[in-house]
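Below is one structure, written out as structure tokens; the observations come after it.
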Amino acid sequence: MLKGFTVPRSPLGTASLTPPPPWHYAGEVLAVEFWNDPDVSADILPRGVKLDALCWGRSVALFVDCQFTASGDEYLDPARYQCREFIVLLDATWQGSRIAWCPYAYADNDAAIMRGWIQGYPKKLGVVHQTRSFSAASAASAPLASKSRFAGCVSSRGQRLAEARVILRERADHLVGLLDRPIVARRYFPRLCAGMHDKPAVDELVRCMMENFLISNLWVGEGELSFPEAHGEELDMLGPIKVGRGFRFSFSCSISDCEILADLTV
């Protein structure tokens, strides 16, 4: 019997692209809040999801440098289970409840892309970097301190897609307006069969369930953000018309479930 949580399924199951849940993550995040044109960003929402009228067009861009493990000490295989990601979240609502909608995401690791597709994140292959901070003091290490500067960028196929800079100002005890609402994404898997290309096998709105979500070393400051125009991409259409706060923090969480909000194949 073939084994494995994902393809390729194999006799031992170890060839599977990613192991079965629960999945555990830890990492560093650089984030910038921004506002885009609501007339444009509304066009990227699926049926039933609406922009949040209380914070019209508000969004967040996150640069993530993280490490992963399941139940098999996968973190000891860093080449396979370390990844860098870029995610955009739009403030939206679903049936009157406040949510964060994920229209675009990029990752530099095939296992991370697969896990994203399983959860509903529309991840594509990208190269993501952010300034690092180290415990050993050096001019090359950005300290977690007031006036310290951090930067992040993402590119795909040789094209720059997003650039961010953050100047830290003060420590904070909790996140306000950032990752404080459930993330909703879309699990979408099309069919190749002739005559059924517009009838996906799976088309679901799902709420991404995160357990044991922890934040530490949270700093808040001023942010800068730009989405350069790139061939074959549409991220620039969500480009900021106003930029707000910047954030730098560490996080950890576990994922083993998602909630299906709607089956859009019906």
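Observations, loosely collected:
- Ratio of Rg to Rh for the stretch 48-109: 1.17 [Cα atoms; Kirkwood radius as inverse mean 1/r over pairs].
- Full-extension gain in nm, R171 to E259, via 0.36 nm per residue minus C-alpha separation: 28.3 nm
- Binning the alpha carbon pair distances of the stretch 181-239 at 10 angstrom intervals from zero yields the distribution 15, 19, 37, 20, 7, 1, expressed in whole percent.
- Helix-only mean residue ellipticity at 222 nm for the chain, each DSSP H run of n ≥ 4 adding -39500 (n - 2.57), per residue, nearest 500: -1500 deg cm²/dmol
- Applied to the stretch 185-192, the Karplus parametrisation 6.51 cos²θ - 1.76 cosθ + 1.60 on θ = phi - 60° returns per-residue 3J(HN,Hα) values of 9, 10, 7, 9, 10, x, 9, 8 Hz, with x for Gly and Pro.
- Whole-Hz couplings from phi, Karplus 6.51/-1.76/1.60, listed for the stretch 203-211; x for Gly and Pro: 8, 10, 8, 10, 9, 7, 8, 10, 10
- Spread of Cα-to-Cα distances over 10 Å intervals beginning at zero, given as percent, for the stretch 206-256: 19, 27, 38, 16
- Note that the stretch 158-163 has calculated 3J(HN,Hα) couplings of x, 10, 6, 10, 8, 9 Hz, one per residue in order, obtained from phi through the Karplus relation 6.51 cos²θ - 1.76 cosθ + 1.60 (θ = phi - 60°); glycine and proline are x.
- Using Cβ point charges alone (K and R +1, D and E -1), the dipole size of the chain about the Cα centre works out to roughly 240 debye.
- With Rh defined as the Kirkwood radius, the inverse of the mean 1/r over Cα pairs, the Rg/Rh of the stretch 151-266 is 1.06.
- Lysine pair count for the chain with Cα-Cα distance under 27 Å and sequence separation of 8 or more or different chains is 11.
- In the stretch 109-266, a dipole from Cβ-located charges (positive for Lys and Arg, negative for Asp and Glu) runs towards its positive end, and of A201, S250, Q119 it is S250 whose Cα lies farthest in that direction.
- Amide H within-cut-off set for G13, under 5 Å, with H built and near neighbours excluded: K3
- By accessible area, using a 1.4 Å probe on protein heavy atoms only, the stretch 102-239 has 53% of its surface on carbon and sulfur.
- Other residues whose C-beta falls under 13 angstrom from the C-beta of P228 contribute a net charge of -4, scoring Lys and Arg +1 and Asp and Glu -1.
- At 1.002 mPa s and 20 °C, Stokes diffusion of the stretch 19-143 via Kirkwood alpha-carbon radius, µm² per second: 132 µm²/s
- Computed log₁₀ I(q)/I(0) - Debye formula, equal Cα scatterers, no solvent, the chain, q 0.12, 0.13, 0.16 Å⁻¹: -0.76, -0.90, -1.36
The values are calculated or read from the model by the stated rules, or taken from the named source; none is laboratory data. Predicted model, so just to flag it, every value in this text is computed and none were measured. Because the Cβ atoms are built from the backbone with ideal geometry, glycine has one as well, and the counts that use them run over all protein chains shown. For accessibility, only protein heavy atoms count, side chains too; no ligands or nucleic acids. Shrake-Rupley method; radii C 1.70, N 1.55, O 1.52, S 1.80 Å.
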